[in-house]
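Chemist: First, the structure itself, so that you have it in front of you.
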Amino acid sequence: MSNVPPNTAPPVQDMPPKGGYPAIRYSRNLPNRGPPGAVLWAGLVGTITWGFYRLGQGNQKRTAEKMEVLRLRHEMLPELQEHTDMEYAKREAYCLAREAEIMKDVVGWEVGKSPYFSKVWMPRAVHDFSTFYNKGPMPPAT
């Protein structure tokens with residue numbers, strides 16, 4: 001129990017001031033923070049479309065350049081093959097002459113005859129004939 005005597009006065013209640021409280025501004029007055037979403041999406045779609053267009057143009061250009069290189073190689077092939085064949089013929093003649101010189105004392109030796117029992121012609125497996133015969137480098141092709 002408390003030692004305070006009970007209050008018999010009527011309660012005092014806080015009341016608003018005369019005329020009421022001022023109005024509370026609850027509206028959102030935020031500044032504009034950029035373009036609307038539809039404009040952003042349109043810009044994104046446009047940028048991606050332009051990027052894919054440029055990618056396609058680059059791919060077409062690169063393909064055309066590759067086709068040009070292949071066409072030039074195809075056109076150069078007969079000349080390159082002719083040069084290679086002439087060099088091979090010269091080296092083969094050199095090898096056959098060297099073989100005839102080395103094997104001149106062997107009875108029944110046929111110069112240039114394949115040691116294999118096949119009717120299919122195969123070029124020599126050795127590309128650098130000078131190291132094969134250890135005679136020094138072959139004279140340059142003219």
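Chemist: Quick one: helix 37-102 against the long Cα principal axis of the chain, what's the angle to the nearest 10°, folded into 0 to 90?
Modeler: 10 degrees
Chemist: Of 102, 48, 77, whose Cα points farthest to the positive end of the dipole of the stretch 31-112 (charges on the beta-carbon: +1 Lys, Arg; -1 Asp, Glu; origin at the Cα centre)?
Modeler: 48
Chemist: Which aspartates and glutamates, on any chain, are close to residue 61 with Cα under 20 Å apart, when same-chain ones fewer than 8 places away are left out?
Modeler: none
Chemist: Return the inverse of the average 1/r over all pairs of distinct C-alpha atoms in the stretch 46-115, which is the Kirkwood hydrodynamic radius, in Å to one decimal.
Modeler: This gives a value of 17.1 Å.
Chemist: Using only C-alpha positions, report the orientation-averaged shadow area of the convex hull of the chain, nm², one decimal.
Modeler: That works out to 35.9 nm².
Chemist: Run the numbers for residue 90 and residue 49: contour at 0.36 nm per residue of separation, minus the present Cα-Cα distance, in nm.
Modeler: Fully extending the segment from residue 90 to residue 49 adds 8.7 nm.
Bear in mind these aren't lab numbers, they're just calculated from the coordinates by the rules spelled out. In this text, all values refer to a predicted model and were calculated from it rather than measured experimentally. Cβ atoms come from the backbone with ideal geometry, glycine included; neighbour counts cover every protein chain shown.
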